[in-house]
Amino acid sequence: MARLELAGPERRLAGTRAGIDIRGDGSTEAYLGRVRRQALEAEPAAGPESAVGALRRALLDG
């Protein structure tokens, strides 16, 4: 299991925190937040969306 976490653009007290959890079976889940993580749902509108795509969409829209 691993976690990729993004914070920014501020360095110490970033207002935006998000990331991707990678599980042992290879599945991934994107999330927003740090302490209270909100899982991001993939949008199947134009085919299956990856966790990276869901994270990108949430950060660019938000």
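The values are calculated or read from the model by the stated rules, or taken from the named source; none is laboratory data. Bear in mind the structure is a predicted one, so any value in this text is a computation, not a measurement. When we count neighbours, we look across all protein chains shown, and the Cβ atoms used for this are built from the backbone with ideal geometry, even at glycine.
Tabulated values for the structure
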quantity	calculated
In the stretch 31-52, the residues that are over 16 Å from Arg17 (Cβ atoms) and either touching a residue at least 40 places away in the same chain (Cβ under 8 Å) or more than 9 Å from the chain's Cα centre (by Cα) (or both)	Glu41, Ala42, Glu43, Pro44, Ala45, Ala46, Gly47, Pro48, Glu49, Ser50
Filtered residues of the stretch 1-14 (kept if at pLDDT 75 or above and not in a strand (DSSP E or B))	Met1
Among residues of the stretch 36-58, those that are assigned to a loop (DSSP other than H, G, I, E, B) and aliphatic (A, V, I, L, M), counted	3
Some residue of the stretch 4-14 being in contact with a Phe, Trp or Tyr (Cβ under 8 Å, 6 or more places away or on another chain) and among the aliphatic types (A, V, I, L, M)	no
Qualifying residue in the stretch 15-35 (condition: surrounded by 10 or more Cβ atoms within 10 Å (Cβ to Cβ), among the aliphatic types (A, V, I, L, M), at pLDDT 80 or above and not in a strand (DSSP E or B))	no
Pair list, Cβ under 6 Å, 6 or more apart: the stretch 1-20 residue more than 11 Å from Gly33 (Cβ to Cβ) and without any contact (Cβ under 8 Å) to a residue 60 or more places away in the chain, other residue part of a loop (DSSP other than H, G, I, E, B) and charged (D, E, K, R)	Met1/Arg23
Members of the stretch 36-53 found to be more than 21 Å from Gly15 (Cα to Cα) and loosely packed, with under 12 Cβ neighbours inside 10 Å, listed by number	Glu41, Pro44, Ala45, Ala46, Gly47, Pro48
